[in-house]
1. Test of understanding: among Ala187, Ala200, which residue is surrounded by 21 or more Cβ atoms within 10 Å (Cβ to Cβ) and either touching a His at 6+ places or on another chain (Cβ under 8 Å) or not charged (D, E, K, R) (or both)?
2. With respect to Leu250, determine if the residue is within 14 Å of the ligand (Cβ to nearest atom), at pLDDT 95 or above and either not aromatic (Phe, Trp, Tyr) or not in a strand (DSSP E or B) (or both).
3. Looking for something at pLDDT 95 or above and out of contact with any Lys or Arg (no Cβ under 9 Å at 6 or more places or on another chain) - is there at least one such residue anywhere in region 296-306?
4. Out of contact with any helix residue (DSSP H, G or I) (no Cβ under 7 Å at 6 or more places or on another chain) and not in a loop (DSSP other than H, G, I, E, B), is that true of Ala95?
5. Could you look through region 306-353, keep only residues that are outside any loop (DSSP other than H, G, I, E, B) and touching an Asp or Glu at 6+ places or on another chain (Cβ under 6 Å), and pick out the one that is farthest from His112 (Cα to Cα)?
6. List every residue pair whose Cβ atoms lie under 7 Å apart, where the two residues are 6 or more positions apart in sequence or sit on different chains, the first residue falls within region 7-20 and is modelled with pLDDT under 95, and the second residue, located anywhere, is open to solvent by less than 90 Å² (accessible area, probe 1.4 Å).
7. Quick one: in region 62-98, which of the residues that are farther than 18 Å from Phe336 by Cβ and polar (S, T, N, Q) is farthest from the ligand (Cβ to nearest atom)?
Amino acid sequence: MSTQESNTLIPYNKPYITGKELGYIKQVIESGALSGNGAFTKKCQTFFEHTYHFGKCLLTTSCTDALEMAALLSGITDGDEVILPSYTFVSTANAFLLRGAKLVFADSLHQHPNIDHHSLEALITPKTKAIVIVHYAGFGCEMEHIVTLCKKHNLILIEDAAQGTDSFYKGQALGSFGQFGAFSFHATKNLIAGEGGMLAVNQATFHNRSEIIWEKGTNKTAFVKGEVNQYGWVDIGSSFLPSELTAAFLFAQLEATQQIQKRRIEIWNNYYSSFQKLAEEGSCEIPNIPEHTTINGQIFYLVCTSNEERSSLISHLKNNNIQAVFHYLSLHKSRFFKDKHDSRNLPNADKYTERLVRLPLYYELSKGQQQSVIEAVLSFYQSKKSS
Ligand SMILES: *Cc1c(COP(=O)(O)O)cnc(C)c1O
């Protein structure tokens, strides 16, 4: 490795630009059709509908927006209960709180940050309206169990698949199991648009209303398709659709999906095999790949044996010019929610809050750079053992 390479910081993330983004954006500018729901929006939506067999796909300005659309479409109102994991991003929760829902936080599995599916049935009451799950690091939750449970209790299932792009459970794409699947194209995800997202509306009975809510509560989408000869206000809604500039950027990324995924998965697998021995010795945990699910190379994490150990590891890596980062702070213990949470302990959510650390993973991470990260982690645990 050159000295220059060894002296520069290896960041946690570096957005990858395929090279086609500017050309597509130029096309949009030259066409003059800059607002939403134009040619590139349709190309992106069709790509997802065809590649992953989702229902109707609607691009949104973020996954946060996609989740808010899902909450509106689910008809969540004051006092409805929504079950969701505590170990997740705030948007998973805010979307439903904004509709007046009572949030019921579920714990993670001991062996994985995904929601503990065995804990769900006991949390269901006559007021429960929906279950929201998060496919952490692109690993599918136990969908067979969860889908059966939702059908049995007549609950709406929403998949926060922000990290679940191009990943599968028993061969079926994540985000296609629930009535709704929400995706993110934020700059930290596999396929990016700076800020961006998408809602997959998998149940046909929601298709019409989803287009209306997407277009500020008007039937403009039907008008554009020539189904009605004027459009107006027909329902509640908001401005959830991104401009064509965003869609053009995203389409360049979608065309490179296979190339991006191949490299990210290669990096992920290399971390995994390099740290297997650490896990066998009990030095730290490596991801426990759930049965029936694929790896999509979104996040590679280690779980340290304590919070102090994680802090030391992060500073050791920082001293080696490597940026490693922890992740969520359990929502049930957040400053905003801790007084509203019922008193249940969620020890596994706490475990990942305190002990999980994510290593650099991005398309342009070179073999040499990844080797430096691996060696720095191994040397940290080596020196712990000998001290
Ligand atoms: C990234 C992420 C979000 C938010 O996505 P945005 O597109 O930034 O709104 C929501 N949930 C999860 C699990 C995420 O990882």
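1. Details: Ala187 fails: surrounded by 21 or more Cβ atoms within 10 Å (Cβ to Cβ).
The conditions single out Ala200.
2. On the way: within 14 Å of the ligand (Cβ to nearest atom): yes; at pLDDT 95 or above: yes; either not aromatic (Phe, Trp, Tyr) or not in a strand (DSSP E or B) (or both): yes.
Considered against the rule, which asks whether it is within 14 Å of the ligand (Cβ to nearest atom), at pLDDT 95 or above and either not aromatic (Phe, Trp, Tyr) or not in a strand (DSSP E or B) (or both), Leu250 comes out as yes.
3. Initially, region 296-306 is screened for residues at pLDDT 95 or above, giving 296-306.
From what is left, the residues that are out of contact with any Lys or Arg (no Cβ under 9 Å at 6 or more places or on another chain) are none.
No.
4. On the way: out of contact with any helix residue (DSSP H, G or I) (no Cβ under 7 Å at 6 or more places or on another chain): no; not in a loop (DSSP other than H, G, I, E, B): yes.
Answer is no for this residue.
5. Kept after step one, since they are outside any loop (DSSP other than H, G, I, E, B), are these residues of region 306-353: 307-319, 322, 325, 331-333, 347-353.
Filter again for touching an Asp or Glu at 6+ places or on another chain (Cβ under 6 Å), leaving 307, 348-349.
Working: Asn307: 17, Asn348: 9, Ala349: 10 Å.
Per the criteria, the residue is Asn307.
6. Asn7/Asn321; Thr8/Asn321
7. Of region 62-98, the ones farther than 18 Å from Phe336 by Cβ are 62-63, 65-66, 69-70, 72-81, 83.
So of that shortlist, the ones also polar (S, T, N, Q) come out as 62, 74, 77.
Working: Ser62: 3, Ser74: 17, Thr77: 23 Å.
Once the filter is applied, the top-ranked residue is Thr77.
Residue by residue, here is whether (1) among the aliphatic types (A, V, I, L, M); (2) more than 16 Å from Gly297 (Cβ to Cβ) holds:
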residue: Lys151; (1), (2): no, yes
residue: Gln163; (1), (2): no, no
residue: Ser167; (1), (2): no, no
residue: Gly175; (1), (2): no, yes
residue: Gly181; (1), (2): no, yes
residue: Lys189; (1), (2): no, no
residue: Glu195; (1), (2): no, yes
residue: Met198; (1), (2): yes, yes
residue: Asn202; (1), (2): no, yes
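The values are calculated or read from the model by the stated rules, or taken from the named source; none is laboratory data. On a predicted model such as this, the values are computed, not experimentally measured, just so you know. Methodologically, a virtual Cβ is constructed for each residue, glycine included, from the backbone with ideal geometry; neighbour enumeration extends over all protein chains shown. The area values use the complete protein model at the heavy-atom level, side chains included, leaving out ligands, DNA and RNA. Shrake-Rupley method; radii C 1.70, N 1.55, O 1.52, S 1.80 Å.
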